[in-house]
Amino acid sequence: MSEEQAIDADENENREREELQQKLIERREAALAHVVKFGDPVLKSRASPVTEFGPELREEVERMVHIMQDGMGVGLAATQLGVLRRLLVFQAGSDNEPSALINPEIEWMSDELAIAEEGCLSLPRVTMDVERPLHARFTGRDVDGEPVTIEASGLEARVLQHEIDHLDGVLILDRTERKQRKAALRALRAEESYHPPVEDEDDHGEELREPRTDA
């Protein structure tokens, strides 16, 4: 391959990469258009149990999975789509298959806690530190109505706790410390960005910290 051919190949590769990135951005924006945002009272409402299992529920789960994946999230609660039913989907890691949990309950949580910077598809452009149990056991039903138990740790445990909070009308704004909550609220009302400053992270000293997550 000549030097000129190599340059052309690099330019084509860069162009394809940019086009792919633009498509991903457009797909994410289209997905997030379906998500209820900060200020909508539905986000502070408690969802009702699912009582009917069938094709309609399966279609809703599939829709939620597509919105979650296109929105580049790791979890999504039905409440975030304006549907007050106790239903969530999650995919804690690109190597994992997306799953649904209907009528979820937290059966047990560990005493060991961890702090992580959490984002939320319903709270655009802001993240905040949230402390949660590192391990937890969850029960509920699968999409066919069969009982399931999930023993989760780390990211998966955090995502499931985050989504169950949504079903109970609880946001990460309610879980973070007062200083970060006030700063995040100011940013949300001004449609600006907020992320915990480095000095806040240092204040946690030797406490266990996990990577950032968006759900």
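Bear in mind that the values in this text are calculations on the coordinates, not laboratory data. Predicted, not measured: the structure shown is a model, and the values here were computed from it. Positions of Cβ are backbone-derived with ideal geometry, glycine not excepted, and every protein chain shown enters the neighbour counts.
Measure nothing fancy, just the Cα-based angle from helix 178-190's long axis to the longest principal axis of the chain, in degrees from 0 to 90, nearest 10.
60
Estimate the FRET efficiency between His66 and Arg189 by the formula 1/(1 + (r/R0)^6), using the beta-carbon distance for r and 30 Å for R0, to the nearest 0.05. Write down the numbers at each step before the final one.
Working: r = 30 Å, r/R0 = 1.02.
Efficiency computed from Cβ-Cβ geometry: 0.50.
What is the projected area of the convex hull of the Cα atoms of the chain, averaged over all directions, in nm²? Before the final figure, lay out each step's value.
On the way: hull surface 61.8 nm².
One quarter of the hull surface, i.e. the mean projection, equals 15.5 nm².
Mind pulling the angle between the C-alpha long axis of helix 154-167 and the longest principal axis of the chain? Nearest 10 degrees, somewhere in 0 to 90.
Once rounded, one gets 60 degrees.
For Lys44, which lysines qualify as cross-link partners when the Cα separation must be under 16 Å and same-chain residues fewer than eight apart are set aside?
Answer for Lys44, where 16 Å is the Cα cut-off: none of the lysines qualify.
When only C-alpha pairs under 8 Å and at least 6 residues apart count, what is the relative contact order of the chain, in percent? It would help to have the intermediate numbers written out before the result.
On the way: 380 pairs, mean separation 48.0, N = 215.
Averaging sequence separation for qualifying contacts and normalising by length gives 22 percent for the chain.
Give me Ile67, Ile25, Ile106, Ile172 sorted ascending by neighbouring Cβ count inside 10 Å, so fewest comes first.
Values: Ile67 21, Ile25 11, Ile106 15, Ile172 24.
Going from sparsest to densest Cβ surroundings: Ile25, Ile106, Ile67, Ile172.
Amide H neighbours of Arg85 under 5 Å, counting only residues 5+ apart in sequence or on other chains, H built in-plane at 1.01 Å?
It is Ser48, Thr79, by chain and number.
What list do you get for Ser122, Ser94, Ser153 if you sort them by fewest beta carbons within 10 Å? It would help to have the intermediate numbers written out before the result.
Working: Ser122 24, Ser94 7, Ser153 15.
In order of increasing Cβ crowding within 10 Å: Ser94, Ser153, Ser122.
In degrees from 0 to 90, rounded to the nearest 10, what is the angle of the helix 55-70 Cα long axis to the longest principal axis of the chain?
With rounding to tens, the tilt is 50 degrees.
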